[in-house]
Amino acid sequence: MMKRFRDDWKDETRLVHGGTLRSSFGETSEAIYLTQGFVYESAEAAESRFKGEEPGFIYSRYANPTVDMLEQRMCALEGAEDARAMASGMAAVAAALLCSLKAGDHVVAARALFGSCRWIIETLMPRYGIESTLVDGRSIDAWEGAVRKNTKLFFLESPTNPTLEVCDIAAIAELANSIGARLVVDNVFATPILQKPLELGAHVVVYSATKHIDGQGRCLGGIILSDKAWIDEHLHDYFRHTGPSLSPFNAWTLLKGLETLPIRVQRQMESASRIADYLADHPKIARVVYPGRPDHPQADIVKRQMKGGSTLICLDVKGGKESAFAFSNRLNIIGISNNLGDAKSLITHPATTTHKNLAEEARLEAGINPGTLRLSVGLENADDLLADIEQALAGV
Ligand SMILES: *Cc1c(COP(=O)(O)O)cnc(C)c1O
């Protein structure tokens with residue numbers, strides 16, 4: 001497919017113009033091609049399009065012009081050769097993991113994973129004869145120690161949900177290369193603005209576009225990016241025949257989200273950084289984990305592999321669950337929700353919501369305490385957010 005951006009464009013320009021397919025009407029804003037199929041000039045044209053001898057669309061389960069614009073714009077941002085957009089982040093993670101694996105293969109994954117990702121690895125894959133080992137993703141020795149003869153794939157998230165731990169992507173990619181395995185990175189928390197896993201050596205990157213890419217809480221979506229050879233060999237047929245395709249309407253919403261992604265992430269990160277500093281000095285707060293702070297446990301790796309901190313903060317309120325609930329309930333601007341990356345600031349109590357299915361021991365081991373909260377900082381005025389947090393903590 002022809003590249004639809006220029007190499008000398010920087011990220012912001014790529015995200016406004018990259019991938020655009022303008023129709024003969026010359027519309028300024030990208031069109032929504034809400035169609036299932038396409039008609040052909042002749043029976044001969046249909047034949048040659050099915051043979052792949054002539055370019056063009058066949059059926060929206062395979063590809064659609066609006067979805068294609070989203071895929072190509074993401075490729076332009078990520079520096080990837082090819083991509084497939086999907087109906088949700090989990091459709092993308094499931095496809096990225098399953099499309100290349102078969103019975104008898106072994107996977108090594110970082111233990112601190114999004115709950116549904118962990119279910120795919122621990123519960124679904126064994127049913128199909130795919131084995132796995134979960135490791136502490138921060139320890140290169142742990143990755144190395146888990147490798148077997150049949151290890152085909154490494155999988156990690158960085159920073160992790162909700163404790164914002166960081167894995168050394170370049171070092172883990174190098175280990176994967178040395179044993180002929182592929183590294184798949186779930187880059188949702190970092191966003192493609194703050195971290196580019198493919199440049200760090202990862203082979204495949206996946207997103208829940210539901211989060212920062214939409215950024216306004218409207219629709220679900222996901223995307224997988226990699227080199228053309230991997231997509232052609234593993235994902236192309238899997239994607240066509242299992243049908244996790246994204247609706248053109250949702251693709252359009254996400255495509256327009258990409259235009260404002262850099263300024264949203266920048267602003268949300270600046271506010272998060274201020275709030276993290278405020279919380280770290282507050283007497284009612286026991287712990288703050290924020291990748292932009294010098295006291296982050298992997299601050300050196302953050303500096304090496306990320307362009308900035310995060311739009312998210314992990315914090316522990318002193319006094320456990322009761323205090324965490326009291327604080328959350330007293331917030332007026334910040335909403336209680338399990339979503340993240342939204343224009344609206346949102347707070348989550350992982351132990352009773354997103355991570356309630358983990359055994360208590362595993363939860364504590366993952367650093368999720370009864371008083372732990374995850375704050376996703378939105379686009380509100382930072383002074384207003386600080387005032388909201390201050391008054392809520394005063395009442396705890
Ligand atoms: C939300 C999320 C997912 C799943 O995405 P959906 O769009 O909800 O299916 C996967 N990984 C991470 C890190 C997430 O935050």
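Out of N338, N329, which single residue is within 16 Å of the ligand (Cβ to nearest atom), of a type outside the set (G, A, S) and touching a strand residue (DSSP E or B) at 6+ places or on another chain (Cβ under 9 Å)?
Values: N329 fails: within 16 Å of the ligand (Cβ to nearest atom).
Criteria check complete, one pass: N338.
Can you confirm whether G217 is touching a Lys or Arg at 6+ places or on another chain (Cβ under 7 Å), at pLDDT 95 or above and open to solvent by 10 Å² or more (accessible area, probe 1.4 Å)? Let's see the steps before the verdict.
Numbers: touching a Lys or Arg at 6+ places or on another chain (Cβ under 7 Å): yes; at pLDDT 95 or above: yes; open to solvent by 10 Å² or more (accessible area, probe 1.4 Å): yes.
Taking the combined requirement at face value, the residue satisfies it.
For V16, work out the one condition from (1) at pLDDT 95 or above; (2) over 29 Å from D186 (Cβ atoms); (3) open to solvent by 30 Å² or more (accessible area, probe 1.4 Å); (4) aliphatic (A, V, I, L, M) it doesn't fulfil.
Just one mismatch for V16, condition (2).
Looking only at segment 220-231, which residues are under 19 Å from M69 (Cα atoms), open to solvent by 20 Å² or more (accessible area, probe 1.4 Å) and more than 15 Å from the chain's Cα centre (by Cα)?
Passing the criteria: D227, K228.
Which one of P283, P262 is surrounded by fewer than 16 Cβ atoms within 10 Å (Cβ to Cβ) and either more than 16 Å from the ligand (Cβ to nearest atom) or part of a helix (DSSP H, G or I) (or both)? If you could, list the steps in order and put the result at the bottom.
Details: P262 fails: surrounded by fewer than 16 Cβ atoms within 10 Å (Cβ to Cβ).
Answer to the selection: P283.
What residue, of E122, E131, is within 22 Å of the chain's Cα centre (by Cα) and either more than 16 Å from the ligand (Cβ to nearest atom) or open to solvent by 30 Å² or more (accessible area, probe 1.4 Å) (or both)?
Matching residue, one of E122, E131: E122.
Of all residues in segment 188-214, which are within 13 Å of the ligand (Cβ to nearest atom) and either more than 21 Å from E12 (Cα to Cα) or open to solvent by 10 Å² or more (accessible area, probe 1.4 Å) (or both)?
V188, F189, S208, T210, K211 - these are the residues of segment 188-214 that are within 13 Å of the ligand (Cβ to nearest atom) and either more than 21 Å from E12 (Cα to Cα) or open to solvent by 10 Å² or more (accessible area, probe 1.4 Å) (or both).
Hey, can you tell me all the residues within segment 341-361 that are away from the ligand (no atom under 15 Å from the Cβ) and without any contact (Cβ under 8 Å) to a residue 24 or more places away in the chain?
Residues satisfying the conditions are K356, A359, E360, E361.
Pull up segment 146-176, narrow it to residues that are closer than 15 Å to V107 by Cβ and out of contact with any strand residue (DSSP E or B) (no Cβ under 7 Å at 6 or more places or on another chain), then point me to the one that is surrounded by the fewest Cβ atoms within 10 Å (Cβ to Cβ).
Applying the filter and picking the extreme gives K149.
Output the residue which, of all residues in segment 108-119 that are open to solvent by less than 10 Å² (accessible area, probe 1.4 Å) and of a type in the set (A, V, I, L, M), is farthest from the ligand (Cβ to nearest atom).
V108
Could you grab me the full set of residues in segment 309-326 that are at pLDDT 95 or above and either within 16 Å of the ligand (Cβ to nearest atom) or under 20 Å from V188 (Cβ atoms) (or both)?
S310, T311, L312, I313, C314, L315
Mind checking which residues of segment 49-69 are surrounded by 15 or more Cβ atoms within 10 Å (Cβ to Cβ) and not in a loop (DSSP other than H, G, I, E, B)?
Scanning segment 49-69 gives R49, P65, T66, V67, D68, M69.
Look through segment 76-107, keep the residues that are touching an Asp or Glu at 6+ places or on another chain (Cβ under 9 Å) and in a loop (DSSP other than H, G, I, E, B), and return whichever of them is surrounded by the fewest Cβ atoms within 10 Å (Cβ to Cβ).
Across segment 76-107, the extreme among qualifying residues is G104.
Could you tell me whether segment 269-289 includes any residue that is in contact with a helix residue (DSSP H, G or I) (Cβ under 8 Å, 6 or more places away or on another chain), free of Cβ contacts under 8 Å to residues at least 60 places away in the same chain and under 19 Å from A382 (Cα atoms)?
Yes, there is a match, as at least one residue in segment 269-289 is in contact with a helix residue (DSSP H, G or I) (Cβ under 8 Å, 6 or more places away or on another chain), free of Cβ contacts under 8 Å to residues at least 60 places away in the same chain and under 19 Å from A382 (Cα atoms).
The values are calculated or read from the model by the stated rules, or taken from the named source; none is laboratory data. Just so you know, these numbers come straight off a predicted model, no measurement behind them. Note: ideal-geometry Cβ built from the backbone for every residue, glycine included; neighbour counts use all protein chains shown. Side chains are part of the model used for accessible areas, which takes the heavy atoms of the whole protein and leaves out ligands, DNA and RNA. Shrake-Rupley method; radii C 1.70, N 1.55, O 1.52, S 1.80 Å.
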